[in-house]
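Have a look at the structure below before the remarks.
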There are 2 protein chains.
Amino acid sequence: MSELLQEIEDIRSWISSFGSDDLGGVSRLLYSESWLEVQKALKKKFEELGMEASFDEIGNLYGKIIGTDNGNETIATGSHVDTVVNGGQLDGQLGIIGGYLAIKRLLEAHGKPKKNIEIISLAEEEGSRFPYVFWGSKNLFGIADKKDVENIEDANGIGFVDAMHQCGFDFKKDNSCSIPDVKAFVELHIEQGNTLEMEGISVGVISGIVGQRRYNIKLKGEANHAGTTLMKYRKDVTQVFAKIVTESIEKAKKVGDPLVLTFGKILVKPNTVNVVPGDAMFTMDCRHTDKEVLCKFTEEIEELMKQAAEESSVEIEIDRWMDEDPVPMDSNITSVIENACKKNNIDYKIMHSGAGHDSQIIAPRIPTAMIFVPSIKGISHNPAEDTKTEDLNKGIETLKASLYELAY
Amino acid sequence: MSELLQEIEDIRSWISSFGSDDLGGVSRLLYSESWLEVQKALKKKFEELGMEASFDEIGNLYGKIIGTDNGNETIATGSHVDTVVNGGQLDGQLGIIGGYLAIKRLLEAHGKPKKNIEIISLAEEEGSRFPYVFWGSKNLFGIADKKDVENIEDANGIGFVDAMHQCGFDFKKDNSCSIPDVKAFVELHIEQGNTLEMEGISVGVISGIVGQRRYNIKLKGEANHAGTTLMKYRKDVTQVFAKIVTESIEKAKKVGDPLVLTFGKILVKPNTVNVVPGDAMFTMDCRHTDKEVLCKFTEEIEELMKQAAEESSVEIEIDRWMDEDPVPMDSNITSVIENACKKNNIDYKIMHSGAGHDSQIIAPRIPTAMIFVPSIKGISHNPAEDTKTEDLNKGIETLKASLYELAY
């Protein structure tokens, strides 16, 4: 293994040791002991590279190389430092260690940049300890509402605010932007899907993040004896569920990529072999990069669901509890990344992200784009989450070349 | 309310007081305290009517009116005395109290019969305390295998044999038939379905009990991120399940009554909104009165399931764990019942039973048939289980007239 690749492996092992769990994964939740340790260790590492490093009020960590211009323009990179419970070694933290290595390589090859280059280790994105997501990125812009976290607790009943105080952090004093000098943001992340792998490509240049709508749907029919109730007298909710799934997925496939439609959860009652199910609750998750397509499609499915229920004399309740618009990335920044790939002979693909990322909070406020590297078998949020070291290196090289273009 | 109807209500309340539970239902499980109490109370009641009453080794209770022929031919009726957990006031015990009242009315109207008339309060049918069904009826013929119950326990870890001994009962000494003198058996039971109610008919004359096949089916696909996995790269088990259900039910409806097909249980993993499900387990229950139709249909569905799985690159495991043949009732006895209805101007319908009953164990060994009365809304195995008193009376009158025809 070359020195460059070995360095990637070493820093990956190093950062993964903070919060490594008994199940071979990393469990590093917001404001936990290992979370505080890793942020402090990163601060030290950033300083050793010659960065000015500091925390903001809530615990986002910033490391900045001051550019030779001595100006007020900064190019930033980074991602979130928290993980899911029993997560892998790349989600989130790749954006931090990859950003660190890209800057280190730039400094070694080209010395100081003209503009400032900053790396941000965001406090939180996953929502895996407390029921709140994007705490880190929202606090960059003062858009995290205090009220939303004041009364929430983790699974052990520890309050959000207590945990925050325990680590020495507190709410922001006002709603000001913490990074008014940042003129561009580039986030390196694993794909968490299998498109790059299936197509044999090393780098994804992200043009946008999907919008998504999520639903809870309840069906109320009639629980009946499976032997004594003739088919014509049934109000079978499983039958209605199955019809909805079959017809909706058929329609989704007709619309084609990048539309994805998932019925991930289904609970029926009484859920026993010899009773026709009388109640069901299921979820639907639909995503697309185009808001209009997303809305039109899901509204068609809502109608289809109502009709399927009515045909079987089953009552239906459709609750659309998440409705997030797609977020386009900045075309100038994606061009910079694309050119960086071309110049360095890195095979790439323009694609969208089907998952949410910190960049979706940052992109509406600062020109932003993302770089993806392949996830082996598409696995993430799991100790088996992995990417070939060669691909990690190509992602870091792409980020390095992009930062060079933007800051040198 | 007439005296006859009042008597039905009174004896129904009386028997339901044994094992009445806090939830408004009856929970009278095999070899429990209330089970022993009711069997002892019934013995006394039978004796008070002039019957010779006795228990067999395992706890079936017999009450016999000796006929004037003093011969060795007996006409029997009865059903099971156990209930499901939180059951209603009619399933099983209607066959006992209805049989008792029919015999009482016969004795009052016509004096002693020529042949013996016997009522049997069978120990168990539901399998609701221990994982074993038809313990009562199988022991009539020495076909309950000791080995099948020796090591089974109830939910509290109490062994079947210990519970049996506790009540003063034990295994049969040999495999002999306990009722060699019984020449005909008629069982009165609630329908537990809604066919009679939907068609506005008071009595069902049962021509046969359905055969049934039950399956556990496992699907193994691939759990994937709901946002990042394009539709074409998915191995979505819910999609396969839905296709199987939709197509199978469509086929079942084409075959028509009395075929019933139920997908009562479905469990998917990880069962969360934003993950494409990678594993599923579901059940299929299929019933028909004709063995050939049942076998041909279910084997077609097995093929359909395999094909649906294969199309989506999902692995499938099909386990057919129950395969019971249909049991026809004796046509002579059904004719007797039919004629009884006609003579007494009772509206009736020849129909099958979609549920299992003690009669399916008895019918292959002794000429047997069943009488159904309507279940309000088809509800059973539930405290809301009910039948209009007028309909209960018509069922009892039908049984009375049938026993008269057979024994007088």
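The table that follows gives values for the structure above.
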quantity	calculated
Residue that is nearest to A:Lys265 (Cα to Cα), among those in segment B:232-248 that are open to solvent by 10 Å² or more (accessible area, probe 1.4 Å) and touching a residue at least 24 places away in the same chain (Cβ under 8 Å)	B:Gln239
Extreme residue, nearest to the other protein chains (Cβ to nearest Cβ), among residues of segment B:175-194 that are buried (at least 24 other Cβ atoms within 10 Å of the Cβ) and farther than 22 Å from B:Tyr404 by Cβ	B:Gly193
Unmet requirement for B:Ile119, which otherwise passes all of (1) on the phi > 0 side of the Ramachandran plot; (2) assigned to a strand (DSSP E or B)	(1)
Residues of segment A:230-248 that turn out to be more than 15 Å from B:Glu247 (Cα to Cα) and within 7 Å of another protein chain (Cβ to nearest Cβ), as a count	2
Cβ pairs under 9 Å, 6+ apart, first in segment B:361-372 and under 16 Å from B:Ser335 (Cβ atoms), second acidic (Asp, Glu) and not in a strand (DSSP E or B)	B:Ala363/B:Asp330; B:Pro367/B:Asp330; B:Thr368/B:Asp330; B:Ala369/B:Asp330
Of all residues in segment B:67-116 being assigned to a loop (DSSP other than H, G, I, E, B) and at positive phi, the one that is most open to solvent (accessible area, probe 1.4 Å)	B:Asn70
Within segment B:372-401, considering residues that are open to solvent by less than 10 Å² (accessible area, probe 1.4 Å) and among the polar types (S, T, N, Q), the one farthest from B:Thr83 (Cα to Cα)	B:Thr398
Given (1) part of a loop (DSSP other than H, G, I, E, B); (2) open to solvent by 40 Å² or more (accessible area, probe 1.4 Å); (3) under 20 Å from B:Ala184 (Cα atoms), index of the condition B:Val133 fails	(3)
Filtered residues of segment B:13-30 (kept if within 20 Å of B:Ile119 (Cα to Cα) and either surrounded by fewer than 20 Cβ atoms within 10 Å (Cβ to Cβ) or hydroxyl-bearing (Ser, Thr, Tyr) (or both))	B:Ser13, B:Trp14, B:Ser16
Answer residue from segment A:327-343, given it is touching a residue at least 12 places away in the same chain (Cβ under 8 Å) and over 15 Å from A:Leu406 (Cβ atoms) and is surrounded by the fewest Cβ atoms within 10 Å (Cβ to Cβ) among those	A:Pro328
Of all residues in segment B:27-61 being farther than 30 Å from B:Ala155 by Cβ and touching a residue at least 12 places away in the same chain (Cβ under 8 Å), the one that is farthest from the chain's Cα centre (by Cα)	B:Gly50
Every residue from segment A:249-260 that is touching a strand residue (DSSP E or B) at 6+ places or on another chain (Cβ under 6 Å) and either open to solvent by 10 Å² or more (accessible area, probe 1.4 Å) or more than 7 Å from chain B (Cβ to nearest Cβ) (or both)	A:Pro258, A:Leu259
Pair list, Cβ under 6 Å, 6 or more apart: segment B:152-180 residue assigned to a loop (DSSP other than H, G, I, E, B), other residue open to solvent by 40 Å² or more (accessible area, probe 1.4 Å) and of a type outside the set (A, V, I, L, M, F, W, C)	B:Ile152/B:Pro131; B:Asp154/B:Arg129; B:Asp170/B:Glu57; B:Phe171/B:Lys146; B:Lys172/B:Glu57
Residues being open to solvent by 20 Å² or more (accessible area, probe 1.4 Å) and within 11 Å of chain A (Cβ to nearest Cβ) - total across segment B:208-229	5
Filter result for the condition that a residue is at pLDDT 95 or above, within 14 Å of chain A (Cβ to nearest Cβ), closer than 30 Å to B:Phe372 by Cβ and open to solvent by 10 Å² or more (accessible area, probe 1.4 Å), over B:Gly200, B:Gly142	B:Gly200
Any hit, segment B:300-308, residues being acidic (Asp, Glu), under 15 Å from B:Met322 (Cβ atoms) and more than 12 Å from every other protein chain (Cβ to nearest Cβ)	yes
Among (1) open to solvent by 10 Å² or more (accessible area, probe 1.4 Å); (2) facing chain A (nearest Cβ under 8 Å), the one test that B:Gly264 misses	(1)
Segment A:301-326, residues that are open to solvent by 80 Å² or more (accessible area, probe 1.4 Å), free of Cβ contacts under 8 Å to residues at least 60 places away in the same chain and within 23 Å of A:Asp290 (Cα to Cα)	A:Glu303
Qualifying residues in segment B:267-287 (those that are facing another protein chain (nearest Cβ under 7 Å) and in a strand (DSSP E or B)) - the one farthest from B:Ala242 (Cα to Cα)	B:Arg287
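Okay, residues lined up against (1) assigned to a loop (DSSP other than H, G, I, E, B); (2) more than 26 Å from A:Pro180 (Cα to Cα):
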site	(1), (2)
A:Leu4	no, yes
A:Ile11	no, yes
A:Gly24	yes, yes
A:Leu30	yes, no
A:Leu36	no, no
A:Lys40	no, no
A:Phe46	no, no
A:Gly50	yes, no
A:Glu57	yes, no
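The values are calculated or read from the model by the stated rules, or taken from the named source; none is laboratory data. All values reported here derive from a predicted model rather than from experimental measurement. Note that we place each Cβ from the backbone using ideal geometry, even for glycine, and neighbour counts take in every protein chain shown. To get the accessible areas, we keep the full protein, side chains included, count just its heavy atoms, and leave off ligands, DNA and RNA. Shrake-Rupley method; radii C 1.70, N 1.55, O 1.52, S 1.80 Å.
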